[in-house]
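Here's the structure we're looking at; comments come further down.
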Protein chains: 6
Amino acid sequence: MLRRLFAPTIEVSAHCDLPCGVYDPAQARIEAESVKAIIVKANDKPDDLDFKMRATVIKEQRSELVKHHLWVLWTDYFKPPHFEKYPQLHTLVNEATKLAGAGGTKASWDVATADELLAKIEEISTIFWETKKA
Amino acid sequence: MLRRLFAPTIEVSAHCDLPCGVYDPAQARIEAESVKAIIVKANDKPDDLDFKMRATVIKEQRSELVKHHLWVLWTDYFKPPHFEKYPQLHTLVNEATKLAGAGGTKASWDVATADELLAKIEEISTIFWETKKA
Amino acid sequence: MLRRLFAPTIEVSAHCDLPCGVYDPAQARIEAESVKAIIVKANDKPDDLDFKMRATVIKEQRSELVKHHLWVLWTDYFKPPHFEKYPQLHTLVNEATKLAGAGGTKASWDVATADELLAKIEEISTIFWETKKA
Amino acid sequence: MLRRLFAPTIEVSAHCDLPCGVYDPAQARIEAESVKAIIVKANDKPDDLDFKMRATVIKEQRSELVKHHLWVLWTDYFKPPHFEKYPQLHTLVNEATKLAGAGGTKASWDVATADELLAKIEEISTIFWETKKA
Amino acid sequence: MLRRLFAPTIEVSAHCDLPCGVYDPAQARIEAESVKAIIVKANDKPDDLDFKMRATVIKEQRSELVKHHLWVLWTDYFKPPHFEKYPQLHTLVNEATKLAGAGGTKASWDVATADELLAKIEEISTIFWETKKA
Amino acid sequence: MLRRLFAPTIEVSAHCDLPCGVYDPAQARIEAESVKAIIVKANDKPDDLDFKMRATVIKEQRSELVKHHLWVLWTDYFKPPHFEKYPQLHTLVNEATKLAGAGGTKASWDVATADELLAKIEEISTIFWETKKA
């Protein structure tokens, strides 16, 4: 997490499509952390169906937010030169959003799925911050 | 009702991330048609600021819906084999969503921008229906 | 792409209340197709409670969208002359929206309920396209 | 707190489609009162374009909420016997929702339009409370 | 319609942040009444899991609306002089919103929790109407 | 910004009301940064009314999100012991949310208002991180 040490002032995030120019992969990561925490908590109470039902409702929403924040980065922040420099970027974001969908954290209660999603977001984040420095 | 006679089975559309398996680029196209109609109507009343303000609010929403429906196709419907068969697909969807954003129909009042967006959606639609037949 | 050849001009849909003038019962039908697919899928996995819970969340949302799209047609598209020419129209739309509510697809897991809803939407659609031709 | 003393039991409102059974035309009326207040305030500042733009955004939202609350009453609360007893009910709700749309308070800055909308809601409200007493 | 005769002027509600100036604790109370009705209905059908799942989805939404309406009052309606005159007001609203959250009606299926929430809202309402008269 | 240096792992944010336990004032700050950027950009183009109209729509939304994220912290994260230890906390959050409303960044195009809002959020953030360390 060297980024944190050297770049405290650039931690603003991004999203509005004015565009305001404020973007940050942290928004997707935060929602993914929530998704992971929801899975852990629900797994800790295997016999509490009431809790599981609420967790289902909320995990669905938070996973959707992960997808949304990643889509915003892909469409609004990343530009052709970025896709040229990082040829894996399209696939990476596509896989990450799939991991937050029905084939990923929306349906899964396996914490490993959430970790996989978080790892993909970290990869996107690394590329993002490299492009910001460039 | 000729439409019903010739093409009843392919008119379902798609989106929910259960997934229900129902997808259709028509959803994006419909919103883009709205965006175009909004631009045309507003341009027809150049001196009606009240109308322009309402049109701004609504064009912003409809453009966002175009982006959303295209993102859903890109993440939820299209799979790795599709991206392999259509190497231009990532760029195509990325450009289409950009065309519905701040660099496209959100900010623009030029009907040509809406037409460009509709053309991109038509390209995506052509690929989509080819993959459905495959 | 036969569909495109035979019916290119009537496939636009409608909704925004500028109004942009773009309306199409397909929007309601698409959501209803989703609702039906959700019911079929959930019934196919009678022992998968996790899946059923997600299906419940999503069926609730999609049924609400059916209601919304039908309400838009009823209020924004249909005008007094239409209600005069089709005296059953108020009741038809009212029944269709009820069929997408708590007394219909929101609570029911019977595929017949979804089919009933789709049939009502088809009736509305027939009237809609007749008025467009008039 | 005279209000509490004289009318404690009828002040519940309605809407969720469980259904919870709680309905009240006050929800539509409240939003319509907002719409009227927005119009009055904007008209009081004819030269304040910044204010007018914000008012446009908010009036659009509040008018949409009026439509939504009336649609909920029409579909979820009112039943066939009500439509039989009050043959004007379909037309009344249809006109009221139209008055909150593009042909009504969404586009208009005339306080008379908001008053007309409020009068329609009052008519619906009178019928509503009669059916509750029945 | 006795209600209309005795209390016509104070039944408007409030919320939009133009601000339109229309506020009413009834909005929060109505949602809380819904929450209570949902709990009662679900408890009446202890063996109906399908119903319980729908009730979970809807109770989550309605509880969130209670929180939202109370937050609007706290931020948009109440001013420094109110907080000075009613030193318990901050804590009261904070407790009420907590009672509509995970530690309250979102997680609980005990009707007593909903009653507690309604009682807090009534306290807030009493203060609200006192400030309106002042 | 010593916090960044010493506490990289606690930068997850918070919000879902399961609760997942993930909270972070950064969510409010990010939206407030957007609001500030929107104001700066709009002021840079004093003659571009089209841009100003879009900026109005978006600033309204982003300001509302600031309010929402702060309300979540106030109700869901902060507990009675926090309010006891920081007696200014109620007033601080109340003032911050007011600064993101009609009396603050929603209506204002003065960058100083956005800075004031950001300063309040920073104060809340400082308290937040102190309570996390405790």
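Structure above, values below:
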{"read-out": "Test item: F:59-66 mean partner chain Cβ contacts at 10 Å", "value": "3"}
{"read-out": "C-alpha long axis of helix B:89-99 to longest principal axis of chain B, angle in °", "value": "20"}
{"read-out": "Rg/Rh for the protein assembly as shown, where both radii come from Cα atoms and Rh is the Kirkwood radius", "value": "0.94"}
{"read-out": "Most mobile of F:GLU84, F:GLU95, F:GLU33 in a GNM of chain F (Cα contacts under 10 Å)", "value": "F:GLU84"}
{"read-out": "Under 15 Å from the Cα of F:LYS85 - aspartates and glutamates, other chains or at least 8 residues apart", "value": "F:GLU123, F:GLU130"}
{"read-out": "Chain F: angle of helix F:49-72 to the longest principal axis, Cα-based, in degrees nearest 10", "value": "10"}
{"read-out": "Per-residue HN-Hα couplings for the range F:75-87 [Karplus 6.51, -1.76, 1.60; θ = phi - 60°; Hz; x = Gly/Pro]", "value": "8, 9, 8, 6, 10, x, x, 5, 5, 6, 6, 10, x"}
{"read-out": "Calculated from backbone phi, Karplus (6.51, -1.76, 1.60) coupling profile of the range F:110-121 in Hz, x at Gly/Pro", "value": "9, 4, 5, 5, 5, 5, 4, 4, 4, 5, 5, 5"}
{"read-out": "Label point 7 Å beyond Cα along the C-beta direction, distances from C:LYS45 to other copies (nm, shortest first)", "value": "2.3, 2.3, 4.7, 4.9, 5.3"}
{"read-out": "Span from the the range A:14-84 Cα centroid across to the the range F:41-90 one, whole angstrom", "value": "20"}
{"read-out": "Within 10 Å of each Cβ in E:73-84, the average number of Cβ atoms from other chains", "value": "3"}
{"read-out": "Relative contact order %, chain B, counting alpha carbon pairs below 8 Å whose residues are six or more apart", "value": "27"}
{"read-out": "Total formal charge among the other residues, if their Cβ is under 10 angstrom from that of B:TRP109, Lys/Arg +1 and Asp/Glu -1", "value": "0"}
{"read-out": "Ascending list, in nanometres, of distances separating the D:THR131 label from those of the other copies (7 Å, Cα toward Cβ)", "value": "2.2, 3.7, 4.6, 4.6, 5.4"}
{"read-out": "FRET efficiency, D:HIS82 to A:GLU130 (Cβ-Cβ, R0 60 Å, nearest 0.05)", "value": "0.40"}
{"read-out": "Over 26 Å (Cα to Cα) - which of F:LYS59/F:LYS79; A:LYS52/B:LYS132; E:LYS67/F:LYS98; D:LYS36/E:LYS41 fall in this group", "value": "F:LYS59/F:LYS79; A:LYS52/B:LYS132; D:LYS36/E:LYS41"}
{"read-out": "Degrees separating the helix B:26-44 axis from the principal Cα axis of chain B, which is the longest one", "value": "10"}
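Coordinate-derived values only; no laboratory data. Quick caveat: nothing in here was measured; it's all calculated off a predicted structure. Note that we place each Cβ from the backbone using ideal geometry, even for glycine, and neighbour counts take in every protein chain shown.
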